[in-house]
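Novice: Structure below; questions to follow.
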Amino acid sequence: MSAPYKPVPEAALAGSLRDFRSPAGADLMARVTDFYAWQDLRREHDLWPYARSTSTAPTARCEARSDTGDAFSGINFASQDYLSLSSHPAIKQAAIEAIGKYGVHSAGSAALLGNTANSLLLEESLSSFLGGRQIVLYPTGWAAGYGSVQGFVRANDHVVMDILAHSCLQEGAKAATQHIHYHGHLNLDAMTRKLERIRADDPHNGILVVTESLFSMHSDTPDLAAMRALCDQFNATLLVDCAHDLGSVGEDGLGHLGLQNALDDADIIIGSFSKTFASNGGFIAVKTKAAAEYLKYYSATHTFSNALSPVQAATVLTALQIVRSEEGRTLRRKLMDNILYLRSQLANAGLETLGDPSPIVPVRLGLEGVGRFASRHLMALGGIANLVEYPAVPQGGARFRFQVMASHTHEDIDQVVEILAKAMRDADLEYRLGHEGDQDPVLSVPSATPEVV
Ligand SMILES: Cc1ncc(COP(=O)(O)O)c(C=O)c1O
């Protein structure tokens, strides 16, 4: 093992963020301290791999610091700069020129005076990329997701949602209505049953069906045509969040909307600029001017939040030009080559990947405690990937989320797989040392989220 065995209290290996979600007590500040104590125990044993910061650009090899300030460096599979555009010379130049012309700040909501010429060009360019849709811009992808549900859904309406839909969509739904109906992940039979029941009881109000074109923890995809058909059958509206695959997947960069020829199937498309498009920000794309204008004044995260900065608008505009160019196609082919190579090298090393080929490659770890050890070893050995644990994924379904970039080399991949295999062997051993007598706990992985209906 890379470090001598040091006993770790069980409390640092067990528990989850969910345990502290609803603290009791009248003093709002006092009741949050239990979380801090648990977090700090993990930190003390180097088992808190979150809130790390880069000290260099998020390139294939990068330097970073832990949340306690310890420096480390390594092969970076924890950035979502999928086409590696964040350091592209043309994009940096566009950002510099935007600063020269507009300064650094948009100084207002897009509903007032916050737009710039570049944000209008970005709307036009996105519209043409997405088959002529109307575009509304948001300061983040999260704001777009939240605003897309909160903007359209009212208290008597229903939201039918995949249990793994992103937090922005779930929070938007909670803000809009109490009629939220979750169905099991990608389970169209369960979705059908929900729709049947809702329509039998309520023919009058709206139903918004919410899904993602690429689920970011599982790297899997719904059948969008089948969802469209169900929406037509039950008079429902289909929303698809394409944060992770738009720009990065498919010959034309349209992600699964393009691969499934489903661009027209979604009534509402939302996307984020924070993955492939080298910036912060997001958008909603709808089919009519009426729907876009409604969002501009009724989705709170557009109306009551400052517009994209001039630098962000110029950056995304240039990134989109590259995404749509021959260079973009070449980068996507390189990215997919890296994805397939990583998945095959992981399989050769006896490691289990989840989902389908996409820039997100989840690697199964199992128990949270094993995952925490594995994350510590990976970082110490010079590999950087994000640990995902319950409640973001099912209990006992901890995983690394490797995020692949076009700029990774096969050598980066070979090295990281070797490091990962060692980190996982060490983690398994360390966990077993502390749990002698337990019944093969490391491999006990339930297959579904417990609260799924
Ligand atoms: C599916 C999905 N939607 C929305 C978002 C939010 O995007 P942003 O980080 O740009 O706010 C994310 C971010 O990770 C995401 O994974």
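Novice: Taking only protein heavy atoms and a 1.4 Å probe, what accessible area per residue, in Å², does the chain have with all protein chains in place?
Specialist: It amounts to 42 Å² per residue over the chain.
Novice: Follow-up. Quick one: angle between helix 326-348 and the longest Cα principal axis of the chain, in degrees between 0 and 90, rounded to 10, please.
Specialist: Orientation of helix 326-348: about 30 degrees from the principal axis.
Novice: Can you list the lysines whose alpha carbon is less than 16 Å from that of Lys101, not counting same-chain residues fewer than 8 positions off?
Specialist: By straight Cα distance, Lys101 reaches Lys92.
Novice: Compute the Kirkwood hydrodynamic radius of the stretch 156-201, taking the inverse of the mean of 1/r over all pairs of distinct Cα atoms, and give it in Å to one decimal.
Specialist: With all distinct Cα pairs of the stretch 156-201 included, I get 10.9 Å.
Novice: Mind checking the angle between helix 33-44 and the chain's longest principal axis? C-alpha axes, 0 to 90 degrees, to the nearest 10.
Specialist: Once rounded, the angle reads 60 degrees.
Novice: Through the Karplus equation 6.51 cos²θ - 1.76 cosθ + 1.60, θ set to phi - 60°, convert the phi angles of the stretch 370-375 into ³J(HN,Hα) values in whole Hz; use x for Gly and Pro.
Specialist: 5, x, 5, 5, 4, 5
Novice: So, one more: I need the peptides 20-27, 52-59, 238-245, 127-134 ranked by packing, meaning the mean over residues of other C-beta atoms within 10 angstrom, with the highest value on top.
Specialist: Averaged packing, sorted descending, gives the order 238-245, 127-134, 52-59, 20-27.
Novice: Let me ask you something else. Return the Rg/Rh ratio of the chain with Cα-based radii and a Kirkwood Rh.
Specialist: Rounded to two decimals, Rg/Rh equals 0.97.
Novice: For Trp142, Trp38, give me the order by solvent-accessible area with a 1.4 Å probe, most accessible first, ignoring ligands, DNA and RNA.
Specialist: Solvent-accessible surface, decreasing: Trp142, Trp38.
Novice: Then there's this: Amide H of Glu63: which non-local residues (sequence gap of 5 or more, or other chain) have their own amide H closer than 5 Å, using H built in the peptide plane?
Specialist: For Glu63, whose amide H was placed from the backbone, the distant partners under 5 Å are Ser55, Thr56.
Novice: Now for a different question. What whole number of Å gives the distance from the Cα centroid of the stretch 347-378 to the Cα centroid of the stretch 207-255?
Specialist: Here the answer is 25 Å between Cα centres.
Novice: Heavy atoms only, 1.4 Å probe, whole protein assembly: order Tyr146, Tyr138 by accessible area, highest first.
Specialist: Heavy-atom accessible area, descending, gives Tyr146, Tyr138.
Novice: Then there's this: Let me know the longest stretch in the chain that avoids all GluC sites (Glu not before Pro) found in a DSSP loop with at most 15 other C-beta atoms within 10 Å.
Specialist: The reported range is 1-250.
Novice: Through the Karplus equation 6.51 cos²θ - 1.76 cosθ + 1.60, θ set to phi - 60°, convert the phi angles of the stretch 226-243 into ³J(HN,Hα) values in whole Hz; use x for Gly and Pro.
Specialist: So the J values, rounded to whole Hz, are 5, 5, 4, 4, 5, 4, 5, 4, 10, 6, 10, 10, 9, 10, 10, 8, 10, 4.
Novice: Here's another thing I want to ask about it. What is the helix-to-structure angle for 141-152, meaning the angle in degrees between its Cα long axis and the longest Cα principal axis of the chain, kept from 0 to 90 and rounded to the nearest 10?
Specialist: 50 degrees
Novice: Going from the alpha-carbon gyration tensor of the stretch 89-323, what semi-axes, largest first and in whole Å, does one get by taking the root of 5 times each eigenvalue?
Specialist: Values for the stretch 89-323, descending: 31, 19, 14 Å.
Novice: May I pose another question? Using amide H atoms built in the peptide plane, which far-off residues or other-chain residues are under 5 Å from Thr276 H to H?
Specialist: Tyr82
Novice: On to the next question. Report, in deg cm²/dmol and to the nearest 500, the calculated mean residue ellipticity at 222 nm for the chain, where each DSSP H run with n ≥ 4 adds -39500 (n - 2.57) and the sum is divided by the residue count.
Specialist: -12500 deg cm²/dmol
Novice: Here's a follow-up. Check which residues have an amide H placed less than 5 Å from Met161's amide H, if you skip close sequence neighbours.
Specialist: Sorted by chain and number, the residues that satisfy this are His181, Tyr182, His183, Val210.
Novice: Please state the Cα pair-distance histogram of the stretch 72-182 with 5 angstrom bins from zero: what percent is in each bin?
Specialist: Distribution as computed: 2, 9, 12, 15, 17, 16, 13, 9, 5, 2, 0 percent.
Novice: Treat each spin label as a single point 7 Å out from the Cα along the C-beta direction, and report the Arg199 to Arg329 distance in nm.
Specialist: 4.1 nm
Novice: Could you tally the net charge around Ile413, taking each other residue with its Cβ under 11 Å from the Cβ of Ile413, Lys/Arg +1 and Asp/Glu -1?
Specialist: Net charge in that neighbourhood comes out at -4.
Novice: Give a residue-ordered list of calculated ³J(HN,Hα) values for the stretch 98-110 (Karplus: 6.51 cos²θ - 1.76 cosθ + 1.60, θ = phi - 60°; whole Hz; x for Gly, Pro).
Specialist: 5, 4, x, 7, 10, x, 9, 10, 7, 6, x, 5, 5
The values are calculated or read from the model by the stated rules, or taken from the named source; none is laboratory data. What you see is a predicted model, and the numbers here were worked out from it, not measured in a lab. Methodologically, a virtual Cβ is constructed for each residue, glycine included, from the backbone with ideal geometry; neighbour enumeration extends over all protein chains shown. Side chains are part of the model used for accessible areas, which takes the heavy atoms of the whole protein and leaves out ligands, DNA and RNA. Shrake-Rupley method; radii C 1.70, N 1.55, O 1.52, S 1.80 Å.
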